[in-house]
Amino acid sequence: MRRKIVAGNWKMNLDKVSSQQLIRDIEDRKSDAEIELMVFPPFVFIDGVADEAKQVRVGAQDFYFENQGAFTGEVSVGQLKSVGASIALIGHSERRELFGETNVVLKKKVDAALASAFDFIFCCGEPLNIRKTGREFDYVKVQLEESLFHLTPEQMSNTIIAYEPIWAIGTGETATSQQAEDMHAAIRSWISEKYDSNVAEKVAILYGGSCKPDNAKELFACKNVDGGLIGGAALKADDFIAIANSF
Ligand code: PEP
């Protein structure tokens, strides 16, 4: 059976007190042990959130691919581990679009994570103009090929991918469950072609983009959707847990 994962990307929200309150509220409400819950606070709150987290995994929204040195403003995997993070997002669309992260840079981040045995969620997804011109499958395939498809079969088996169509992030416009399933099935078939069906079956593929308590059930019912990467709705414990309970 594939993993079931619900991950909350807190982005640049909350403060020290409210981030610790949110993790406590999530921990209090957490129910089904089969569902892996993860939260991704801003860097400065990881330490405090990790202190409060018991069953929920704590991760980072980004990191730099070097171990240490003269990289002002950056944070390494080793530093993240030292404050209790065990996983990170790589290639969120806001990192790609606002901070110019390319597939080449993201490949370096993937390799840095693997070199430190640090887990990651690799984010991919197309902008609206690509979807409008019917090129979304080619676009996402290239993202995977250029940053991820150099992994060994074992490394790929442990990978979590989040498909997040950019036009659905923070816009209230969700991909239909059919649109999500079509892309998730395509991603799994590319992994199967590159590796094999055993590897493809092990990879967890999450959907992200305006996922809320009222649409999560339909999305999670799709054969190839193994959970969600949640933005706005992850900032309220009740909504986040309601989404997790939608499986
Ligand atoms: C995200 O940014 O990863 C995301 C899915 O955001 P939202 O749920 O707010 O669309």
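Once amide H atoms are placed 1.01 Å from N in the peptide plane, what residues at a sequence separation of 5 or more from Ile230, or on another chain, have their amide H within under 5 Å of its amide H?
Under 5 Å from the amide H of Ile230 lie the amide H atoms of Ala7, Gly8, Asn9, each far enough along the sequence or on another chain.
Which pairs in the list Lys11/Lys108; Lys81/Lys132; Lys30/Lys107 are over 31 Å apart, alpha-carbon to alpha-carbon? Please list the in-between numbers first.
On the way: Lys11/Lys108 22 Å; Lys81/Lys132 41 Å; Lys30/Lys107 34 Å.
In this structure, Lys81/Lys132; Lys30/Lys107 exceed 31 Å between Cα atoms.
Could you check the spin-label model distance between Ser197 and Asp32? Points 7 Å from the Cα along Cα→Cβ, value in nm.
Taking the simple label geometry, Ser197 and Asp32 are separated by 2.6 nm.
Just grab the label-to-label distance for Lys141 and Gln68, each label 7 Å out from Cα along the Cβ direction, in nm (one decimal).
4.4
Under the definition of Cα pairs under 8 Å and six or more residues apart, what whole-number percent is the relative contact order of the chain?
The value is 22 percent.
Give me the extension gain from Thr171 to Phe99: residue separation times 0.36 nm, minus the current Cα-Cα distance, reported in nm with one decimal.
Numbers: separation 72, 0.36 × 72 = 25.92 nm, distance 1.99 nm.
Value of the extension gain: 23.9 nm.
Where the convex hull is taken over the Cα atoms of the chain, what is its projected area averaged over directions, in nm²?
Numbers: hull surface 48.8 nm².
Projected area, direction-averaged: 12.2 nm².
If I build a Gaussian network model for the chain, linking alpha-carbon pairs within less than 10 angstrom, which residue out of Asp138, Asp25, Asp111 has the largest mean-square fluctuation?
Asp138
Cross-link partners among aspartates and glutamates for Lys212, C-alpha distance below 16 Å, same-chain residues fewer than 8 apart left out?
Glu164, Glu173, Asp226, Asp238, Asp239
For the chain, set up a Gaussian network in which alpha carbons nearer than 10 Å are linked by springs, and say which option among Glu34, Glu126, Glu145 fluctuates the most.
Glu34
Given the rule -39500 (n - 2.57) for each run of at least 4 DSSP H residues, summed and divided by the residues of the chain, what is its mean residue ellipticity at 222 nm, to the nearest 500 deg cm²/dmol? It would help to have the intermediate numbers written out before the result.
Values: 12 runs with 112 residues, N = 247.
Taking each H run of at least 4 residues, the total per residue is -13000 deg cm²/dmol.
A short reminder: the numbers here are calculations on the coordinates, not readings from a lab. These figures come from a predicted structure and were not determined experimentally. Methodologically, a virtual Cβ is constructed for each residue, glycine included, from the backbone with ideal geometry; neighbour enumeration extends over all protein chains shown.
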